[in-house]
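Single-structure report; data block below.
The values are calculated or read from the model by the stated rules, or taken from the named source; none is laboratory data. Please read these numbers as outputs of a predicted model, since none were measured by experiment. All Cβ positions, even for glycine, are placed from backbone atoms using ideal geometry, and neighbour counts span all protein chains on display. Areas reflect the complete protein model, heavy atoms only, side chains present, ligands, DNA and RNA absent. Shrake-Rupley method; radii C 1.70, N 1.55, O 1.52, S 1.80 Å.
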Amino acid sequence: MKNIIFISALILCFACQSKEKSDEQNENQQPETREAPVFKPEHSDAKAVELADKVLKVHGGQENWDNTRYIAWNFLGARDLIWDKYTGNVRIDFPGQQSTYLININEDTGRVKIGDRELTKSDSLEKYIERGKQIWVNDSYWLVFPFKFKDPGVQLKYHGKDSTLSGKDAEVISLTFEDVGFTPQNKYKAYIDPQSHLILQWDFYRNAADSAASFSNEWTGYQKYGEIQLSSGRGERTLGNIRVAQEWEDEVFKKF
């Protein structure tokens, strides 16, 4: 659920104050500011942060991730996405729902087509743009999870050593979320290879307090795409048709 913050301004009037004093107060009054969410290492275990840095490095590193512009993939056979990381433009083709989303995730704007009809009513369009953004959040997390460990609001915890579903040794860290994202109540556990620092498995918890994971997938099919390394296998499921590029035809984000 999207977090919505309402800020109300209270105007206080004092009959006994002179106009000059009121003006002086208004000039000196500073507008309310709210700190933007950032990753705060002090809210995480030092060992977990250290492992997160190693995971980022082996998957390509921060600089290569920042310099990667376009990423395209198929999400578990259900839909195709193309993402321009620089502009925030995203195209989602969802055959099962006969829909196409051409949205900007940074500006919450865009166009949506359902069947052979483009949405024009503002309330319906706003709802579907929001839905498209939620699809992108979910589907991109499945693909680029290794680059999300130190996102704003993430809290990391070290859980020691454990083994994956197939019995591989791993070090485990969890990711919880400090009032950020559509589902801040979620939790993920990442099983990290002690030698290569690749992700071997993830566990998803719908609620951070849950004792059992909602699902677990081993990560397989690692391959280098551009300057970053990504995994396509998620247990019995697959993220397909993965492509990384620095150039892409801009019309793909404008035409259905």
Looking at the stretch 83-94, is at least one residue over 24 Å from residue 224 (Cα atoms), modelled with pLDDT of 95 or more and open to solvent by less than 90 Å² (accessible area, probe 1.4 Å)?
yes
Flagged in the stretch 208-228 as at pLDDT 95 or above, out of contact with any Leu (no Cβ under 8 Å at 6 or more places or on another chain) and either surrounded by 16 or more Cβ atoms within 10 Å (Cβ to Cβ) or part of a loop (DSSP other than H, G, I, E, B) (or both), in numbering order, are 210, 212, 213, 214, 217, 225, 226, 227, 228
Within the stretch 156-207, track down each residue that is outside any strand (DSSP E or B) and either at positive phi or among the small types (Gly, Ala, Ser) (or both).
166, 167, 179, 181, 196, 197
Quick check on the stretch 50-74: of everything there that is open to solvent by 20 Å² or more (accessible area, probe 1.4 Å) and in contact with a helix residue (DSSP H, G or I) (Cβ under 7 Å, 6 or more places away or on another chain), which residue is farthest from residue 237 (Cα to Cα)?
62
The stretch 36-49 - residue that is within 16 Å of residue 159 (Cα to Cα) and exposed (fewer than 15 other Cβ atoms within 10 Å of the Cβ) and, of those, modelled with the highest pLDDT:
46
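Of these, 133, 121, which one is open to solvent by 20 Å² or more (accessible area, probe 1.4 Å) and more than 16 Å from the chain's Cα centre (by Cα)? Quick ask: steps written out before the conclusion?
Values: 133 fails: more than 16 Å from the chain's Cα centre (by Cα).
From the options 133, 121, the qualifying one is 121.
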Which condition breaks for residue 126 when tested against (1) assigned to a helix (DSSP H, G or I); (2) within 21 Å of residue 208 (Cα to Cα); (3) of a type in the set (D, E, K, R)?
(2)
I need a count of the residues in the stretch 87-116 that are in a strand (DSSP E or B) and within 16 Å of residue 69 (Cα to Cα).
4
If I ask for residues that are assigned to a loop (DSSP other than H, G, I, E, B) and either over 17 Å from the mean Cα position of the chain (by Cα) or more than 14 Å from residue 245 (Cα to Cα) (or both), which ones from the stretch 62-86 would you list?
76, 77, 78
Return the residue satisfying two criteria in turn: it lies in the stretch 165-195 and is without any contact (Cβ under 8 Å) to a residue 24 or more places away in the chain and open to solvent by 40 Å² or more (accessible area, probe 1.4 Å), and of such residues it is farthest from residue 54 (Cα to Cα).
185
